[in-house]
Amino acid sequence: MFNTLQMDIIVHSLEPVMLVGGGPVGESDLSQVLTIAPTIVAADGGAVPVIEAGLMPYAVTGDFDSLPKPLRDALPDGLLHHTPDQNYTDFDKALRLIDAPVVVAVGCMGGRVDHQLAAFHSLVARCNHRCVLVGPEEIVFHCPKHIDLPTQAGDVVSLFPMARVTGRSDGLKWPIEGLDFAPDVFVGTSNRATGPSALHMDVPGMLVILPRRMLAQVTQRLADLPQLAQWPARAAQYTDPPQS
């Protein structure tokens with residue numbers, strides 16, 4: 001059985017927040033993201049690279065199965081927020097504990113494939129939370145209803161649907177209007193920008209993959225989006241079935 005997870009917000013911020021997962025964290029990831037997201041939340045083992053870099057997270061969440069006990073014991077109790085529900089990943093739970101204009105997540109790409117796919121799932125399942133995943137060379141985010149992208153001619157713009165999605169584009173070599181995207185039907189790998197571009201989605205479910213150099217600009221644009229451009233929270237997908 002799956003239960004709807006109810007959690008209280010532990011981080012309220014008017015600025016972007018960095019979320020550090022337990023996957024690979026590049027040498028420059030923390031320092032680069034810290035310049036645009038100065039508050040750090042660690043998801044379980046994500047606290048390890050944060051502490052090793054001489055930084056202190058504002059909060060550490062998760063079931064703590066990958067947080068070394070000596071490190072856990074050394075952290076102040078007020079920083080630890082135990083979320084033991086095994087029906088959700090630590091990344092998913094942490095995302096819902098943060099109230100911020102946008103979350104910038106490192107340590108969620110480039111490691112185990114199942115963890116990376118789970119993070120992609122959470123981007124869509126929690127589409128009312130704006131979040132950018134930072135990879136070694138690319139960034140990934142769930143497309144809002146509309147966004148202007150700071151692309152240059154020749155930039156790769158890949159679109160991967162996590163559901164059936166339709167929309168429109170401006171500034172792409174291959175326009176997407178009239179295409180029916182779906183993960184088992186049609187995907188938009190390696191489109192190219194002809195200059196500044198824009199995406200307009202009819203429904204939620206589309207992931208956007210861009211070069212990493214756009215991280216700061218994309219983060220700011222997501223943070224500045226009006227409420228009308230954001231998808232509403234989705235209804236709980238899994239609940240206890242009715243008793244017969």
### Message
I'd like to know if region 89-107 contains one or more residues that are over 28 Å from residue 195 (Cβ atoms), hydroxyl-bearing (Ser, Thr, Tyr), over 12 Å from the mean Cα position of the chain (by Cα) and buried (at least 22 other Cβ atoms within 10 Å of the Cβ).
### Response
yes
### Task
Find all pairs meeting these conditions: Cβ atoms under 6 angstrom apart; at least six residues apart or on different chains; first residue within region 189-218 and farther than 21 Å from residue 128 by Cα; second residue hydrophobic (A, V, I, L, M, F, W, C) and buried (at least 19 other Cβ atoms within 10 Å of the Cβ).
191/157; 191/172; 193/157; 197/149; 197/172; 212/139
### Query
List, please: which pairs have Cβ atoms under 6 Å, are six or more places apart or on different chains, and start with a residue in region 73-101 that is charged (D, E, K, R) and end with one that is surrounded by 15 or more Cβ atoms within 10 Å (Cβ to Cβ) and modelled with pLDDT of 90 or more?
90/43; 92/122
### Selected residue (only one of 223, 193 is under 30 Å from residue 31 (Cβ atoms), touching a strand residue (DSSP E or B) at 6+ places or on another chain (Cβ under 7 Å) and of a type outside the set (S, T, N, Q))
193
### Task
Please find, within region 132-156, the residue that is farthest from residue 187 (Cα to Cα) out of those that are within 18 Å of the chain's Cα centre (by Cα) and open to solvent by 40 Å² or more (accessible area, probe 1.4 Å).
136
### Summary
Of the residues in region 1-22 that are farther than 15 Å from residue 131 by Cβ and modelled with pLDDT of 90 or more, the one that is surrounded by the most Cβ atoms within 10 Å (Cβ to Cβ) is 12
### Summary
Considering residues that are open to solvent by 40 Å² or more (accessible area, probe 1.4 Å) and part of a strand (DSSP E or B), the number found within region 35-61 is 0
### Message
Checking the structure you have, find out if any residue of region 23-44 is within 19 Å of residue 89 (Cβ to Cβ) and in contact with a His (Cβ under 8 Å, 6 or more places away or on another chain).
### Response
yes
### Query
Would region 157-172 turn up any residue that is open to solvent by 30 Å² or more (accessible area, probe 1.4 Å), over 20 Å from residue 124 (Cα atoms) and aliphatic (A, V, I, L, M)?
no
### Message
Just to be sure I understand, how many residues within region 97-115 are in a strand (DSSP E or B) and closer than 17 Å to residue 44 by Cα?
### Response
5
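Kindly indicate whether residue 114 is modelled with pLDDT under 95, acidic (Asp, Glu) and surrounded by fewer than 17 Cβ atoms within 10 Å (Cβ to Cβ). It would help to see each step written out before you state the result.
Values: modelled with pLDDT under 95: yes; acidic (Asp, Glu): yes; surrounded by fewer than 17 Cβ atoms within 10 Å (Cβ to Cβ): yes.
Criteria met by residue 114.
The values are calculated or read from the model by the stated rules, or taken from the named source; none is laboratory data. For clarity, every value in this text was computed on a predicted model and none was experimentally measured. With ideal geometry, Cβ positions are generated from the backbone for all residues, glycine too; neighbour counts draw on all protein chains shown. SASA here: full protein model, heavy atoms, side chains in, ligands and nucleic acids out. Shrake-Rupley method; radii C 1.70, N 1.55, O 1.52, S 1.80 Å.
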